[in-house]
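Trainee: Provided herewith is a single structure, encoded as structure tokens, for subsequent inquiry.
Computed from the coordinates by the stated procedures, all read-outs in this text should not be read as laboratory data. This structure is a prediction, so every number in the text was calculated from the model and none was measured. Cβ atoms come from the backbone with ideal geometry, glycine included; neighbour counts cover every protein chain shown.
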Amino acid sequence: MNEINLTIIEDKPDELEHLKSLLQESDLAEFRIQKEISTLSAAIQYFKSDPKTDLVIMDIQLPDGVSFDIFKSITVEIPIIFTSTYEHYVLQAIKVNGIDYLIKPIQKEDLHSALERFLKQHNKSKAYELDEIKAIVSSFVPKSYKSSFLVNYKQKMVLVDVSDVAYCYVKEKGTFIVTHSGQEYLVDYYLDQLENDLDPNRFYRINRQYLMSRPAIKEIENYFNGRLLIKVNPEAADQIIISKKKVSHFKEWADS
């Protein structure tokens, strides 16, 4: 069995002991804990010392700061598994960067999966460069979405709060927002831009023409060939159809 040298950065004694217990139960490798660290300042000094460890399991929130601050001035080539109490939708982005995460309280199955992913990378001798770490850090920062529109209307400028927007749509190469009261405004955005700038928990790209808010959806009807017909309030000028291939994803969004 391979021996893996491990460092744990965790400030809560009960969670540290729980993690160590799970590591002892793992049959993937023999995990030898080289170092236990409980503060950000100690972690910074540790990484500056060029440690010879194979893996770090690191809590995000430490008593004297956020562990991501370590990487602002230090290049770390050691693979890291982050632990956190953040919700799943925030942390999911980190998986695409090749380093895993564990949600507290840590479950045995989650740890097993994370360690398996590490061992695959470890066998390939993959190094994690500073740019990759920065990508991971940025993925943890909750994205800020658009909160209002400043639009031209009757020779004036009007501020429209996003919460007042029922849906956005494209007509004759122009993009419009429609409020819940039925007021329509032309905006200087492509629909693709709005899809990226508006909170996806609130807005869904129904098709190439419409981006819809949850409160605007009045009824959902089965339509021809496995598609869905969406009826909205205020009423739209066109039939709003969801293609068959998007139906499953839309239902997941609508039921979330």
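Trainee: Please report the antiparallel percentage of DSSP beta bridges with both residues in the chain, rounded to the nearest 5.
Mentor: 65 percent
Trainee: May I pose another question? Please give me, ordered by residue number, the chymotrypsin sites (Phe, Trp or Tyr not before Pro) of the stretch 179-256 that lie in loop per DSSP and have at most 13 other Cβ atoms within 10 Å.
Mentor: Sites meeting the loop and neighbour criteria: 190.
Trainee: Let me ask something else about it. Using a simple spin-label model with points 7 Å from Cα along the Cα→Cβ vector, what separation in nm is obtained for residue 3 and residue 155?
Mentor: For residue 3 paired with residue 155, the spin-label model returns 8.4 nm.
Trainee: Hey, rough spin-label estimate for residue 34 and residue 11, points 7 angstrom out along Cα→Cβ, what's it come to in nanometres?
Mentor: Distance between label points: 2.4 nm.
Trainee: Here's something else I'd like to know. So the label point goes 7 Å from the Cα of residue 66 along Cα→C-beta, right? Which residues of the stretch 1-32 then have their backbone N under 20 Å from it?
Mentor: Hits in the stretch 1-32 for residue 66 at 20 Å: 9-12.
Trainee: Roughly how tilted is helix 13-25, in degrees to the nearest 10 and between 0 and 90, from the longest Cα axis of the chain?
Mentor: 80 degrees
Trainee: Compute the long axis of helix 108-123 from its Cα atoms, compare it with the longest principal axis of the Cα atoms of the chain, and write down the angle in degrees, 0 to 90, nearest 10.
Mentor: It is inclined by approximately 70 degrees.
Trainee: Anything over 19 Å Cα to Cα? Flag those among 48/72; 20/104; 146/244; 52/72; 231/251, in the order listed.
Mentor: 146/244; 52/72
Trainee: Figure the gain on full extension for residue 192 and residue 243 (residue separation times 0.36 nm, minus the Cα-Cα span) and round it to one decimal in nm.
Mentor: 16.6 nm is the gain from fully extending residue 192 to residue 243.
Trainee: Specify the angular offset, from 0 to 90 degrees and rounded to the nearest 10, of the alpha carbon long axis of helix 130-140 from the longest principal axis of the alpha carbons in the chain.
Mentor: 50 degrees
Trainee: Let me ask something else. Once every DSSP H run of n ≥ 4 in the chain is given -39500 (n - 2.57) and the sum is divided by its residues, what mean residue ellipticity at 222 nm do you get, rounded to the nearest 500 deg cm²/dmol?
Mentor: Rounded to the nearest 500, it is -8000 deg cm²/dmol.
Trainee: Using Cα pairs closer than 8 Å and at least 6 residues apart in sequence, work out the relative contact order for the chain, in percent.
Mentor: 11 percent
Trainee: Suppose each label sits 7 Å from its Cα in the direction of the beta carbon; what would the residue 255-residue 170 distance come out to in nanometres?
Mentor: 3.0 nm
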